[in-house]
Each structure stands twice: as C-alpha cells, then as structure tokens.
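Read through the structure below, which is laid out as structure tokens, and then see the notes.
The values are calculated or read from the model by the stated rules, or taken from the named source; none is laboratory data. Fair warning: this is a prediction, and the values are worked out from it, not measured in the lab. Here the Cβ positions follow ideal geometry from the backbone for every residue, glycine too, while neighbour counts run over all protein chains shown. Note: accessible area is taken over every heavy atom of the protein model, side chains too, but ligands, DNA and RNA are not part of it. Shrake-Rupley method; radii C 1.70, N 1.55, O 1.52, S 1.80 Å.
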Amino acid sequence: MKHFIGVFGLALSMLIQFAHSGTCQSHGYNSDGLPEGPSYVLFNNPTEFGVKSSIDRYGEDVWWFSSEDGFLTNDHYNVVELPFVWSKHDVTFNSANSRGDSWVVITEAHYGGGGTPSEAVSLCKDVVVQLAPFISTTQASRDTWKATVTYSVDGYYSKNAREGNPYKLIINSANLSYHAEYNLYEASGTKVVSVPLVGPSFNGVLNATISDGFYTAEALISYPSTGGSGCRRPPCSIEP
C-alpha cells in the first residue's frame with residue numbers, strides 16, 4: 001500500500017472549504033461524471049459510488065469527499081474486477097442542507113516511475129439528493145370495484161420534478177394481463193382507480209407503482225372476498 005502525506009495534504013487543502021450544496025462546477029471541479037454512481041440519491045440512504053482504474057494501480061491511494069461532510073475516508077484501489085481495480089465507498093447525505101444539488105469527489109494520487117507520487121487528481125460527480133417516493137392503497141371496493149391510491153414524491157428534487165414531467169402511476173397484475181397508467185401532476189395526493197373483475201389471471205391482487213422518474217415505490221391492491229364466484233356479468237355459469 002502506498003501512502004503519501006504530501007499528496008493527501010494537497011488533496012485535503014483542495015477541499016478544505018466544502019459546502020453543503022452546489023455543483024461540481026460551482027466549486028471549481030470539472031463535472032466528469034466520476035466517480036460512478038447514480039445521479040439521484042435518496043436522502044439519509046447509503047449509496048455506493050466507485051472509481052475504477054487499471055489493475056497495475058492496485059493499492060494506490062484514493063481519498064473520498066462529499067459536499068456535506070468534506071473528508072470521508074482514505075481508501076485504496078483494492079477491489080479487483082478484472083481487468084480493472086476499484087475503490088468503492090458508501091456515501092450518505094442526511095443533512096437537510098444537502099437536498100438538491102450536491103456532489104461526491106475522489107482525489108487520487110498519480111504515481112510516476114519507481115512508485116513516486118507525482119500529483120493529486122480530483123474527479124467529481126454531481127448528484128441530486130431527493131426524498132424517496134411513497135405509496136399506499138386501500139382494498140378494492142366490492143360495490144364500486146375501485147380503490148384509492150395515496151402517494152407522495154419529491155416535488156422539488158426528483159427527476160420528473162426537475163424536468164417538468166408528470167409522475168407516473170401504474171396499476172397492473174403480476175402477469176401483466178391488466179395494465180393501466182395515469183399521469184399525476186401533483187407531488188402528493190390521492191387517485192381513485194378502477195380495477196378489473198376478480199379472476200384467476202389476477203391472483204387476487206394488483207400492483208400499484210408510483211414513479212418519480214428515477215425511483216419507484218410499490219404497494220398491493222387487494223380484492224375483497226366476493227362470497228362465491230364473484231360473478232358480475234351474466235351468464236355467471238361460464239364465469240371462472
């Protein structure tokens with residue numbers, strides 16, 4: 001393992017004045033999309049990021065930073081996935097000030113001939129910190145064959161909110177014999193949805209999914225007991 005305090009001191013000085021928000025560019029870094037990881041991350045949820053290099057750099061130093069915490073950890077290129085070697089680290093954003101634009105930076109020591117560290121190179125990735133979507137459902141009504149879906153998404157920092165696109169509510173059966181989609185324009189609320197008749201193809205439940213453009217949440221819509229065949233359309237003798 002190669003350690004070099006001088007290069008680490010340079011790396012730390014480059015990030016000594018970290019902020020709780022902003023972009024790579026606004027803090028003087030090139031937004032090159034590295035380290036690798038999702039562009040949208042969930043608030044208060046550990047998210048793995050990684051940076052890869054050639055296998056001959058195994059053991060070289062990598063320092064991790066975030067806009068929320070500044071210095072996170074000293075790591076190394078030590079996760080081998082041939083023909084590459086990775087440094088991987090879980091990053092958590094749990095300060096309210098980090099919601100929205102934030103970033104993750106790694107600083108690596110580039111080594112010259114004979115194992116001599118030559119310079120520190122920083123790689124920055126912009127991320128958007130958002131709240132997770134939520135969904136809940138009621139049981140389908142035997143009288144109306146409708147169910148109520150309650151949902152919420154991050155109306156400020158989710159992908160669809162930022163891009164001005166509607167949120168997507170999808171109702172389907174496990175084997176996709178039933179599928180319905182609804183565009184929702186409010187970040188939270190309820191939606192009354194019609195459900196198909198109970199039958200073997202639905203296994204007694206439907207899936208309800210809310211999508212914010214990057215993340216989804218799911219809940220089940222269950223059917224009531226129908227007290228027999230559940231037939232609503234004549235002739236009942238041929239209903240399954």
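Would you tally the residues in segment 138-185 being charged (D, E, K, R) and either assigned to a strand (DSSP E or B) or in contact with a Pro (Cβ under 7 Å, 6 or more places away or on another chain) (or both)? Break it down stepwise before answering.
So the first thing to find is which residues in segment 138-185 are charged (D, E, K, R), and the list is 142-143, 146, 154, 159, 162-163, 168, 181.
Add one more test, that the residue is either assigned to a strand (DSSP E or B) or in contact with a Pro (Cβ under 7 Å, 6 or more places away or on another chain) (or both), and what stays is 142, 146, 168, 181.
Number satisfying all stated conditions: 4.
If we keep just the residues of segment 208-223 that are open to solvent by 20 Å² or more (accessible area, probe 1.4 Å) and over 26 Å from Gly164 (Cα atoms), which is modelled with the lowest pLDDT?
Only one residue fits best here, namely Tyr223.
Can we say Gly164 is of a type outside the set (Val, Ile, Thr) and touching a strand residue (DSSP E or B) at 6+ places or on another chain (Cβ under 9 Å)? Before the answer, list the steps.
Numbers: of a type outside the set (Val, Ile, Thr): yes; touching a strand residue (DSSP E or B) at 6+ places or on another chain (Cβ under 9 Å): no.
When the stated conditions are applied, Gly164 does not pass them.
Among the residues in segment 173-185, are any charged (D, E, K, R), farther than 28 Å from Ser102 by Cβ, modelled with pLDDT of 95 or more and open to solvent by 80 Å² or more (accessible area, probe 1.4 Å)? Full working, then the answer.
Filtering segment 173-185 down to residues charged (D, E, K, R) leaves 181.
If we keep only those that are farther than 28 Å from Ser102 by Cβ too, we end up with 181.
Within this subset, residues satisfying the condition of being modelled with pLDDT of 95 or more are 181.
If we keep only those that are open to solvent by 80 Å² or more (accessible area, probe 1.4 Å) too, we end up with 181.
Within segment 173-185, one or more residues are charged (D, E, K, R), farther than 28 Å from Ser102 by Cβ, modelled with pLDDT of 95 or more and open to solvent by 80 Å² or more (accessible area, probe 1.4 Å).
Please list, ordered by residue number, the strands (runs of 3 or more DSSP E) wholly in segment 41-81 having 1 or more residues that are hydroxyl-bearing (Ser, Thr, Tyr). Explain how you work it out, then say what you get.
Working: elements: 47-54, 61-66, 70-76, 79-81.
It comes to 47-54, 61-66, 70-76.
How many of the residues making up segment 81-103 are crowded, with 22+ Cβ neighbours inside 10 Å and over 22 Å from Gly59 (Cβ atoms)?
Number of matching residues: 5.
Could you tell me whether Ser122 is modelled with pLDDT under 90, under 16 Å from Tyr29 (Cα atoms) and either outside the structural domain of Ile210 (by the TED database) or not in a loop (DSSP other than H, G, I, E, B) (or both)? Spell out how you get there, then give the answer.
On the way: modelled with pLDDT under 90: yes; under 16 Å from Tyr29 (Cα atoms): yes; either outside the structural domain of Ile210 (by the TED database) or not in a loop (DSSP other than H, G, I, E, B) (or both): yes.
Criteria met by Ser122.
Name the single residue, out of those in segment 28-48 being more than 19 Å from the chain's Cα centre (by Cα), open to solvent by 60 Å² or more (accessible area, probe 1.4 Å) and not acidic (Asp, Glu), that is farthest from Asp212 (Cα to Cα).
So the first thing to find is which residues in segment 28-48 are more than 19 Å from the chain's Cα centre (by Cα), and the list is 28-32.
If we keep only those that are open to solvent by 60 Å² or more (accessible area, probe 1.4 Å) as well, we get 28, 30-32.
Filter again for not acidic (Asp, Glu), leaving 28, 30-31.
Details: Gly28: 30, Asn30: 28, Ser31: 24 Å.
It comes out as Gly28.
Looking at Val80, Val129, which one is at pLDDT 95 or above and over 29 Å from Tyr215 (Cα atoms)?
Val80
Can you pull out the residues in segment 49-73 that are in contact with a helix residue (DSSP H, G or I) (Cβ under 7 Å, 6 or more places away or on another chain) and surrounded by fewer than 18 Cβ atoms within 10 Å (Cβ to Cβ)?
Correct list: Phe71 only.
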